[in-house]
Amino acid sequence: MATFSHWVWVVVWTQFVLFLTLSATADGQKMYCPSNCSCLGSLFECRRRGLTEIPRDLPTWVEILDISHNELTVLDARSLQHLTQLKRLKAAHNKLSAIPNLGSHPHLTDLNLAHNAIPELTSDLKKLPQLRNLDLSFNKITSIPAGVFTNNSNLQRLFLSSNKISSIKNGSLENLTSLQTLQLNRNRLSTIPKNLFLNLKSLKQLELEKNRIRSIEGLSFKGLEALESLSLRKNLISHLSDGAFYYLSKIQTLNLDYNNITAVTNGWLYGMSSLRSLNLTHNAITEVDMGGWEYCKKLTHLELTYNNLQAITKSTFAKAESLRFLYLGHNLVSHIEEEAFKQLNQLKELHLDHNALSWTMEDTNGPFFGLSSLIHLTLSDNFIKSLTSRAFAGLGRLQSLDLSRNPITTISKGTFAPLRRRLTTLLLDSSN
């Protein structure tokens, strides 16, 4: 005879099975997935399926649709109009020849059309007012006309790298008041139009790498008071006007490497009071004007490798008291004036490899005096033949010293005495 507990278990189990059955019936529609897609909840992945058109049997609850890496030449609005919950659409790596007219999708926030053959920006973007992320990189766009973004004030990230853009009309970006990231790398821009960024009050990151920009005029970045990072590397910049970066009151990182800049002046650095990292490698810099760092009181990281500096004097890094990392390798430096680094008492690393410091190390009395916080010093590949007893005076905290690949034959008595308390790494060629 069945016990009472047995019957209780049977009743509970029956109710559980009934619950699952009813739930499956209620949510059965969300278990459907087209044969040429993989699905997980509201995510539908239909990539790399050789599709020439959007699957016609997509259910209405799709929120994320990935149709990238297919053979699509057009996106028909009719095939998407029933996707009223669509939030993200990825159609990269197809053969689209125009920005698609997607119709009204009030919830669409992410649109990826990268790696297609789109030649121009059109007003179809106005129909997507909630768009926050738009990727149109690796297309064939030649210009940014005025009016294309008039209804996209919610856009936060815009990617237009690797196109053929040579012209940006004034006013074309003025409605992008929420934009935080703008990438225009690898295009054909030769100038920065005046007042182009006037209304981009939220922009934090701007990338203009690998264009054809030759000069930066004064006030070129007016309006970018929130900008934190600016990259202009690999252009053709040879002229920086006074106030070139004025208004960038919150800028922290500026990359100007691989250009044709010949001098550092306080004129073009004027107003950069928040700058912390400056990259000037691979330029043609021969001089740093007296007071060049006057307006960069917070600069901690400075890269000047692969330039044409010949000497370091007391004025070269005057007023750069906050520097922590200084890279001067691959220059033509043959002379360091005594106490040239005296003001850099917070510097942690100094790289002077691949210069011509033989005379300095042999005859200068305390070339590194004042670097009381220095931990790492690189002097490799400098043709150094001898070291005087005062060569490393003032470097009481130095932990690492690289003197490799120098033909050193003479080391005076007491040369390393100032380093004996902290030095843990000393690199010298075995022949030395």
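Derivation of every value follows stated rules applied to the coordinates shown; laboratory data play no part. If you're wondering where the values come from, they're calculated on a predicted model, not measured in any experiment. Note: ideal-geometry Cβ built from the backbone for every residue, glycine included; neighbour counts use all protein chains shown.
A few notes on this one:
- Among ARG390, ARG422, ARG188, the residue with the largest mean-square fluctuation in a Gaussian network model of the chain, with springs joining Cα atoms closer than 10 Å, is ARG422.
- In terms of surrounding Cβ atoms within a 10 Å radius of their Cβ, GLU63, GLU174 rank from fewest to most as GLU63, GLU174.
- Residue-wise HN-Hα couplings along the stretch 358-368, as the Karplus relation 6.51 cos²θ - 1.76 cosθ + 1.60 with θ = phi - 60° gives them from phi, are 4, 4, 4, 6, 8, 10, 7, 8, x, x, 10 Hz; Gly and Pro carry x.
- Mean sequence separation of contacting Cα pairs (under 8 Å, at least six apart), scaled by the length of the chain, corresponds to a relative contact order of 5 percent.
- Taking 7 Å steps out from each Cα toward its Cβ at SER373 and SER167 produces label points 5.1 nm apart.
- The stretch 35-188 - share of DSSP beta bridges that are antiparallel (%, nearest 5): 15 percent
- Under a model in which nothing but the beta-carbon of Lys, Arg (+1) and Asp, Glu (-1) is charged, the stretch 92-161 shows a dipole of about 20 debye around its Cα centre.
- Between the alpha-carbon centres of the stretch 60-98 and the stretch 209-233 there is a gap of 35 Å.
- Helix 4-27 axis, angle to the chain major axis (alpha carbon atoms, nearest 10°): 80 degrees
- Selected from LEU131, LEU275, LEU219 as most flexible by GNM, with the chain as the system and alpha-carbon contacts under 10 Å: LEU219
- Cβ-placed point charges (K, R +1; D, E -1), dipole of the chain about Cα centre in debye, nearest 20: 380 debye
- Taking 4.7 Å between C-beta atoms as the pairing limit, the chain has these partnerless cysteines: CYS296.
- Whole-angstrom gap from the stretch 328-345 to the stretch 369-432, using each part's C-alpha centre: 15 Å
- Among PHE341, LEU428, LEU236 the positive-end extreme of the charge dipole of the chain (Cβ point charges): LEU236
- Computed [θ] at 222 nm, deg cm²/dmol, the chain (DSSP H ≥ 4; -39,500 (n - 2.57); rounded to nearest 500): -2500 deg cm²/dmol
- With Cα atoms defining each centre, the stretch 247-322 and the stretch 123-193 are spaced 31 Å apart in the structure.
- Links that overshoot a 27 Å alpha carbon limit, given the list LYS204/LYS314; LYS95/LYS201; LYS90/LYS140; LYS95/LYS210: LYS204/LYS314; LYS95/LYS201
- Working from Cα pairs under 8 Å separated by at least six residues, relative contact order for the stretch 35-188 is 15 percent.
- Matching label, Kirkwood radius over Cα pairs in Å computed from the structure shown, candidates (1) 26.0; (2) 25.2; (3) 22.4: (1)
- Residues ARG420 and LYS201, FRET efficiency given R0 of 60 Å [Cβ-Cβ distance, rounded to 0.05]: 0.60
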